[in-house]
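No lab work stands behind these numbers, since they all come straight from the coordinates. If you're wondering where the values come from, they're calculated on a predicted model, not measured in any experiment. Here Cβ is always computed from backbone atoms with ideal geometry, including for glycine, and neighbour counts include all displayed protein chains.
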Amino acid sequence: MTAPLPPAPLPLGENFIQDAHTVGAELRAASPVRFVLLPGGFPVWLVTGHEEARTAVTDPRFSSDGVYDRLERLRLGDSEDAESHFAPELAKNLLNLDPPDHTRLRALVTKVFTAGAVAPLRPRIEAITDELLDAMEKSGPDSELLADYALPLPIRVICDVLGIPFEDRDRFTAWTHTMVSAATPEEVGAASMRMASYLGELVEAKRRDPSEDLLTRLVHVSDSGGDRLSRDELIATAVVLLTGGFETTVNLISSGVLALLRHPEQLALLKARPELMPQAVEEFLRYETPNNLSSPRYTTEEVELGGVTIPAGHFVMVSWLAANRGARFAEPDRLDITRPAGGHLAFGHGIHYCVGAALARLEGEIAFNRLLTRFPGLGLAVEESELTWRFSTAMHGLEALPLRLGPATR
């Protein structure tokens, strides 16, 4: 029997970005899996249910292997003269592989990127945080949180961790923003080419002149059999770590601050009980998930998920944002910093769980603690209606967050 054709995709527009929770709830209520047309024109089966999301990222029938190559072939069509705009080095990244290749690559990466390796970074992160807060206090009484704090903090940390010259931050920040935005394939491809070229030169520099940083350790790491990362694998891994190493944390800090300002009773509780901070960070991650959609996967055979049949060879993406507001959580639309931690999918799930989760959590705890201690009277400097979300299906983050700092304390 021939499988039924999928329905016409549901077009998603600007409100998918600017009113994401409302749209996510409507999609989830209608069906936890829906064939949609994302802003930018990409047809995909979008998963909005929590349990369905966990299945989609753990069931081997949903494959990541070479998914970006498939996307590029789809974009190029059948034209023999069409040429890819994307850097070929980036194909060997953790998000584009299945086991056993993914298993091998992740094992080498996690040798140097562990929770134990992150813990000693606390004093350096605290020092960077205090420097930024000092500058904000000096230039007050108002501040734009992303430009002054939420963006420079994780960028400086990831530069330290990976051993990337801080003076190059404007270049790679611009490339990264383009790569995770809803820009044209040509613009995204050009940014990927520049990023790959830059990191390729940096990898070779670390090989010639090793230092005490994560990228150097990745260049030289090997397993018991002597296996090492290839040059392309190093570049692809560095891109994933660099992009994930600050984009997620920027959004965690800025969206978390906004959530607290929108819920003054939760802000007062956190000030009164600062020991709740680790739990609060988990709630911020769930409530305004920094990553909007997962990386794409495709079905290797016909799959039934959430009561619908997805044909073989179709692309599937998970809305972490929608899944984290699902029925898995009591009163999911309520911010509750006392909510038991665990169960959210902000860092993904399964074999592709974010390798930088421990670093993001540590940065978040320090950033919130020190910001709220220094500026206890923090408030919005604009009406909420003036705030907008970045036009990105990959990331869920504010364009800007103007704040009134209030008196500083030491």
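Over all directions, average the projected area of the Cα convex hull of the range 20-64 and note it in nm².
Values: hull surface 14.4 nm².
If you wrap the Cα atoms of the range 20-64 in a convex hull and average its projections, you get 3.6 nm².
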Practice prompt. Under a cut-off of 19 Å between alpha-carbon atoms, report the lysines in cross-link reach of K111, not counting same-chain residues fewer than 8 places apart.
Written response: K92, K206
Item to complete: Give the order of K206, K92, K138 when sorted by the count of other beta carbons within 10 angstrom, beginning with the fewest.
Response: K138, K92, K206
Worksheet entry | Radius of gyration, Dmax [the range 84-189; alpha carbons; angstrom] | 17.6, 54
Worksheet, complete the sentence: As straight-line cross-link partners of K271, the qualifying lysines (C-alpha separation under 30 Å, not fewer than 8 residues apart within one chain) are K138
Item to complete: Go ahead and set up a Gaussian network model of the chain, Cα springs under 10 Å, then flag whichever of T103, T178, T243 fluctuates most.
Response: T103
Worksheet item: Which value, in debye to the nearest 20, describes the size of the charge dipole of the chain about its Cα centre when Lys and Arg Cβ atoms bear +1, Asp and Glu Cβ atoms bear -1, and nothing else is charged?
Response: 1000
Worksheet item: By counting other Cβ atoms within 10 Å of each Cβ, how are E304, E233, E247 ranked from fewest to most?
Response: E304, E233, E247
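Under Stokes-Einstein, with the Kirkwood radius over Cα pairs standing in for Rh, what whole-number D in µm²/s applies to the range 197-352 at 37 °C and 0.692 mPa s? Walk me through the numbers before you get to the answer.
Details: Rh = 18.8 Å.
Translational D for this selection: 174 µm²/s.
Of S181, S385, S139, S294, how do they rank once you tally other Cβ atoms within 10 Å and put the fewest first? Before the final figure, lay out each step's value.
On the way: S181 18, S385 6, S139 11, S294 24.
Lowest to highest Cβ neighbour count: S385, S139, S181, S294.
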Worksheet item: Gap in Å between the Cα centre of the range 129-151 and the Cα centre of the range 341-399?
Response: 17
Worksheet item: In whole Å, how far is the Cα centre of the range 11-51 from that of the range 179-199?
Response: 25
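Work out how much length V308 to D333 would gain on full extension: take 0.36 nm times their residue separation and subtract the Cα-Cα distance, in nm to one decimal. Working shown, then result.
Values: separation 25, 0.36 × 25 = 9.00 nm, distance 2.61 nm.
Gain on extension, V308 to D333, equals 6.4 nm.
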Item to complete: Would you mind giving the average projected area, over all directions, of the Cα convex hull of the range 143-257 in nm² with one decimal?
Response: 8.3
